[in-house]
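Readers should treat all values here as calculations from the given coordinates under stated rules, not as data from a laboratory. Everything quoted here is computed from the prediction, not taken from an experiment. Reconstructed Cβ throughout: ideal geometry from the backbone, glycine too, with neighbour counts over all protein chains shown.
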Amino acid sequence: MSASGGTRAIVAALGANLAIAASKFVAFAFSGSSSMLAEGVHSVADSGNQFLLLVGGKKAQREATPQHPFGYGRERYIYAFLVSIVLFSIGGMFAIYEGYEKISHPHALKSWYWPVGVLLFAIVAEGFSFRTAIKESKELRGSLSWSQFIRRAKAPELPVVLLEDFGALIGLVLALGGVGLSLLTDDGVWDGIGTVCIGVLLVCIALVLAAETKSLLLGEAAGLDVIKKIEEATVDGESVTGLIHMRTLHLGPEELLVAAKIAVRHDDTAVEVAAAIDAAEDRIRAAVPIARVIYLEPDIYSAAEAAKGPDPAATPGGPNPHAGGH
């Protein structure tokens, strides 16, 4: 669901940005507005970013190999990180440079109706793309705020498109303000100031994207709600009497690794322990379908070890009353 929703949002954003980029460069050619040039480069960078996200999604679907036994799910994180670099370097830094040049050497705008008309068209097109991203994100977001969704989402595509579209809309308003003030005052400096503001905005968004995708690349645990489901599914009170400790790791947005030490009865035979592990794995996969790689280690619960307290490196989710094992 998240993959298809992300793809729809990416395609909508790509189509909008290609059309917007062409119109902005036409407006720049007729008016000489640096804001329009910066916005045109911004739209080209965004189009390249959406292409990178599509490539990352395609590469992530490759089957696991002996060299990469856990598959290629993290390709989506790598390409999302590349997006932040492109947005920072091509979009943000170019806009700041172009704005500085315009402030240093201002000139009046020509054919003002071109930039104004294109900006209004771009606001409508970007609004359509932003609306699509919001619609595709709603079900995945649940009760989370938008900032929490961007921070906690394991699939990078929707947060990237949301931030890009939001930044694009704000940038268009800044460009429209810069062009409008330049026309009202007959001073091209305002166009340059608007361009610098666009560049600063893009740099800030790129830094947020870089921080979030870096965390995903390093490896994030499952969300607290998912961890709770795994804990409840693991322990049945009969063959598995407790969960001593557990680690989870996202191998990709829709692929989770689960490694846990479980408590079994001290008098269980090897056959009974093996059956308990198999049953626990089935319960975990039924409760959390993305838990595709599961390693369970049986152990005997030790009250003495449990008295020492929970493992400080345990997966977040609060103290585990079943901690302690040989």
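Some values worked out for this structure:
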| item | result |
| --- | --- |
| Partner lysines for LYS261 [C-alpha distance under 24 Å; skip if fewer than 8 residues away on the same chain] | LYS228, LYS229, LYS308 |
| Helix-only CD estimate at 222 nm, as mean residue ellipticity for the chain, using -39500 (n - 2.57) per DSSP H run (n ≥ 4) | -22000 deg cm²/dmol |
| ASP278 paired with TYR295, simple spin-label distance in nm, labels 7 Å along Cα-to-beta-carbon | 2.2 nm |
| Net charge of Cβ neighbours under 14 Å - reference ASN17; Lys, Arg +1; Asp, Glu -1 | -4 |
| Fewest-first ranking of VAL203, VAL179, using other Cβ atoms within 10 Å as the exposure measure | VAL203, VAL179 |
| Too-long pairs where the Cα-Cα distance tops 28 Å, listed order kept, from LYS135/LYS214; LYS102/LYS214; LYS59/LYS138 | LYS102/LYS214 |
| Debye intensity ratio I(q)/I(0), log10, the chain, q values 0.08, 0.09, 0.13 Å⁻¹ (C-alpha model) | -0.49, -0.58, -0.91 |
| Kyte-Doolittle at least -0.5, axis length at least 20 Å by Cα - qualifying DSSP helices, the chain | 2-31, 34-59, 113-141, 157-185, 189-218, 270-287 |
| Pairwise FRET efficiency - THR185 versus SER215, Cβ, R0 = 45 Å, nearest 0.05 | 0.50 |
| Percent of Cα-Cα distances greater than 25 Å, calculated over region 1-148 | 41 percent |
| Percent of C-alpha pairs per 5 Å bin, region 224-307, short to long | 3, 15, 29, 24, 16, 9, 4, 1 |
| Charge context of PRO298, other residues only, Cβ under 9 angstrom, K/R +1, D/E -1 | -2 |
| Pairwise centroid distance, computed over Cα atoms, of region 29-81 with region 114-169, Å | 16 Å |
| Contour minus Cα-Cα distance for HIS107 and PHE70 (0.36 nm per residue) | 7.6 nm |
| Fully extended contour minus Cα-Cα distance, from ILE85 to ALA22, at 0.36 nm per residue | 20.4 nm |
| Antiparallel bridge percentage (DSSP; both residues within the chain; nearest 5) | 55 percent |
| Difference of contour (0.36 nm per residue) and Cα-Cα distance, GLU232 to VAL173 | 16.3 nm |
| Within-11-Å neighbourhood charge of ILE193 [Cβ basis; K, R +1; D, E -1] | -1 |
| Sorted by Cβ neighbour density within 10 Å, fewest at the top, the residues VAL258, VAL55, VAL226, VAL161 | VAL55, VAL226, VAL258, VAL161 |
